[in-house]
Each structure stands twice: as C-alpha cells, then as structure tokens.
Amino acid sequence: MDSRRARLILNALPNVGPVSLRRMLDAFGTPESVLEASREGLMGVKGVGPVMADTVRAWRRHFDPGPEAERLAERGMRFLIPEDEAYPSLLKEIYDPPIGLYSLGPHTVGARCVALVGTRRPTPYGRSLAREVARELALAGWCVVSGLARGVDTEAHRGALDAGGATVAVLGCGADIVYPPENLELYREIARSGAVLSEFPLGRPADRRTFPMRNRIVAGLCKAVVVVESDEDGGSLITARFAADMGRVVCAFPGRVDQPTSRGCHALIREGATLVTGAADILQELGGAPAQRELDFGGNAGASADEPATPEEARVLALFAGGGFQTPDMLAEQSGLPVGAVNAALLSLELAGRVVRRDDGAYEAARRGGR
C-alpha cells in the first residue's frame, strides 16, 4: 500500500481526529505503518484509546478506498498529500495539518493568501465592505480564502472573482457537497478558476464538529485572517484565534458600538488584533503596500504625492487624460501592459485618489478637488 492510499484511509476513519493522527504518524513514521500497527502499539500513543485503536485496526470495515478513488476521478478532484508540490506550504507549518486534502479546481494554493471571514448575517455595510476589500486584495495579487458560507464569505469570494483574481473555498463538508445549496453557482465559479478544498471524505455532511476543523484550515492557509463583521460567539472568531495561535496576522474592522455584528470585531481588537479600515491597511500589515503615500513637505526629499510611483502607473494614468472611462482590458490594449500589471497600477492609483472605480467595473479619473 502506498502513502497516498494509506492517508486516504486514515483521513476517512470515524473517531480519529487530526491531532491523534499527527501523534500516530509521529510514533510510527508513515501512514502505512499506522495501519499495520498492533492494538497495543496504537494504545501506547497519547490520546489513543481502545475505540480509536480498534477503528484503525479494523479500517476495512469502515472505509473502502477503491470507490472513493473512482469518485475522485469522476469529479476531476485530487487528493493532495504533504509530499505533493500542490499541497499548501503554509498548511504544513501548523501543528495538526490535514494528512490529505480533497481539491477541486485549477488553482495551486501558494503563500500569498488572506482570509476574509465574518457573520452569515452581515449588515449591508458589511456585505459591501467584504466584497470591495476582497476585490482590492485580489487586484494586489493576493488569493482570497473563505468558507463559502452565507454572508461575508460569499461576498469575499464574489469580490475576488469580480477582480478576476484567485479565491479558495474551504468547506466544512465533503468537497462534493455544496453548502449552503444556494451557493451552487458560486461553487462552480470557484471550481473553474480557483480551488475548493476539504479535508473530509466525499459525502460527509457538515455538522458542529466539522466547522471548527474547517476554520483551522482557513487560518493555516493564510498569512492573515481578517474579520469583517462578527458577533462575540461567531465562528469567525474561532478562525481568528486559530490564526493568532499559529502566529498569523489577525485584523478586524471596527463598527458601530450598538451593532451586534461589531461585537466580535471589537473583542478581537481589545485582544490585540490590528484595527483596519480598508485593503491598504491590510496590505501594509502584510508588507505588500503602504497604507497611504508619504507626503513630501521638503521639496526635493522624494517624489510628490501627485506623481505616480511607478512607470506602469504613469502609463496607465496618462490614458485617462482625455476623460471618459476605461476598463482594465482597454487599458491593457492601449498601454501594452499585461492585465495583471494594469490591475496592480489601478489599485495603487485608486488608493492614491487618482482614479475611481464605477459601479460597472470601469474606471475614470478622479476629480482633482478631493477624493
């Protein structure tokens, strides 16, 4: 039996969690050795009792890897293991990484990931904020990670897709189950251009146990976790605290003091999370961009705030000189720059107040009297 098949089996066994799996792998070295271990040997591992040991010993009664492998092939999914190049590198750093991940979609998850999470019942302000921040992060080249849930998660995925960027949905159920069902089309869009991930076997329904497990993966995949809106008992706070324990950046948006969906964010800020007010603040925390341009009060000390910071920005900005609106594709064609470079320049120019994005996704020059 090879390592992939052994991991597929261990990952699907009932009553066996990721921490216990980590300890058994540490004790026996390989997943194949875990499956071949004696009952006494298994019970010698911390936290492994008779029920878990018997489950591992009698794995054939609990799971058949053959049909599972066939279903994976039929759905175009992969089962990633840590030895695979496509297994997320940041996830390997946490204490209890999944021993395998079901993956659907073309995107390979790298290290430039940010999680946007929050309540399933956001305010209109929270919905708009999540979508816009996700769009700006995607334009800056960051992959937006969330959990495909209603509310903030949905808007985060949508914002990244609006920008033509990468987004990853981490599920609290099998990767073949769409939950909530109204997000079927969103699931399909993410699977076409991004990635859908789950550590649960195909057909596994969501329950109260699976969501916290999902949340640790969301945190583990990302450099930062950003909470948009959440009550004090929201699941997104679990994700944020996982992230803090993992040494990741934790950010939260403040809100109205009388709004229940702000209580969780305010609690995180009191605990030390970074207060952010937009994508620029998040990018600064990630080291990818300053929150605002430094103003030059000394004449020749540096570039003026009115001057584009890069040649690409200058080339893009010049195309707005005649007035009217421009789409990223139009700008790319006229400037000869790649669309990715145009999007990055537009984000910087928008943050600097030089251009504004319209509701239809096109851009126009900002009025010079203010922002």
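Kindly check whether there is at least one residue in segment 237-252 that is in contact (Cβ under 8 Å) with a residue 40 or more places away in the chain, within 28 Å of residue 338 (Cβ to Cβ) and either assigned to a helix (DSSP H, G or I) or charged (D, E, K, R) (or both).
The answer is no, given that none of the residues of segment 237-252 is in contact (Cβ under 8 Å) with a residue 40 or more places away in the chain, within 28 Å of residue 338 (Cβ to Cβ) and either assigned to a helix (DSSP H, G or I) or charged (D, E, K, R) (or both).
Cβ separations smaller than 7 Å between residues 6+ apart or across chains give the following pairs from segment 262-276 residues that are more than 14 Å from residue 239 (Cα to Cα) to residues that are among the basic types (Lys, Arg) and modelled with pLDDT under 95: 262/256. For segment 114-135, filtered to residues that are assigned to a helix (DSSP H, G or I) and among the basic types (Lys, Arg), the residue that is nearest to residue 351 (Cα to Cα) is 135. On the given criteria, is residue 331 over 26 Å from the mean Cα position of the chain (by Cα), aliphatic (A, V, I, L, M), outside any loop (DSSP other than H, G, I, E, B) and at pLDDT 85 or above? Considered against the rule, which asks whether it is over 26 Å from the mean Cα position of the chain (by Cα), aliphatic (A, V, I, L, M), outside any loop (DSSP other than H, G, I, E, B) and at pLDDT 85 or above, residue 331 comes out as yes.
Does residue 124 satisfy the condition of being without any contact (Cβ under 8 Å) to a residue 24 or more places away in the chain and either of a type in the set (A, V, I, L, M, F, W, C) or under 30 Å from residue 230 (Cα atoms) (or both)? The answer is yes for residue 124. Here the condition is being more than 26 Å from the chain's Cα centre (by Cα), surrounded by 12 or more Cβ atoms within 10 Å (Cβ to Cβ) and modelled with pLDDT of 95 or more; of 105, 118, 41, it holds for 41 alone.
The residues of segment 1-20 that are within 28 Å of the chain's Cα centre (by Cα), under 20 Å from residue 84 (Cβ atoms) and not small (Gly, Ala, Ser), listed by number, are 4, 5, 7, 8, 9, 10, 11, 18.
Number of residues in segment 21-38 that are over 35 Å from the mean Cα position of the chain (by Cα) and not in a loop (DSSP other than H, G, I, E, B): the value is 1. When residue 76 is tested against (1) over 20 Å from residue 203 (Cα atoms); (2) surrounded by fewer than 16 Cβ atoms within 10 Å (Cβ to Cβ), exactly one condition is not met: (1).
Taking residue 100 as the residue in question, decide whether it is in contact with a Phe, Trp or Tyr (Cβ under 6 Å, 6 or more places away or on another chain) and closer than 18 Å to residue 171 by Cα. Criteria met by residue 100. Of the residues making up segment 16-29, one or more are at positive phi, surrounded by fewer than 21 Cβ atoms within 10 Å (Cβ to Cβ) and not assigned by TED's automatic domain parsing to the domain that holds residue 133.
Scanning segment 277-315 for residues that are β-branched (Val, Ile, Thr) and modelled with pLDDT of 90 or more, we see that the one that is surrounded by the fewest Cβ atoms within 10 Å (Cβ to Cβ) is 277. Take residue 123 and decide whether it is of a type in the set (S, T, N, Q), surrounded by fewer than 24 Cβ atoms within 10 Å (Cβ to Cβ), modelled with pLDDT of 95 or more and in the same structural domain as residue 247 (by TED's automatic domain parsing). No, not satisfied.
Among the residues of segment 220-228, not a single one is crowded, with 23+ Cβ neighbours inside 10 Å, assigned to a loop (DSSP other than H, G, I, E, B), of a type in the set (D, E, K, R) and modelled with pLDDT of 95 or more. Among the residues that make up segment 50-57, is at least one of them part of a loop (DSSP other than H, G, I, E, B), more than 24 Å from residue 214 (Cβ to Cβ) and of a type in the set (A, V, I, L, M)? The answer is no; no qualifying residue exists.
The values are calculated or read from the model by the stated rules, or taken from the named source; none is laboratory data. Remember, it's a predicted structure, so these values are computed and weren't measured experimentally. All Cβ positions, glycine included, derive from the backbone under ideal geometry; neighbour counts span all protein chains shown.
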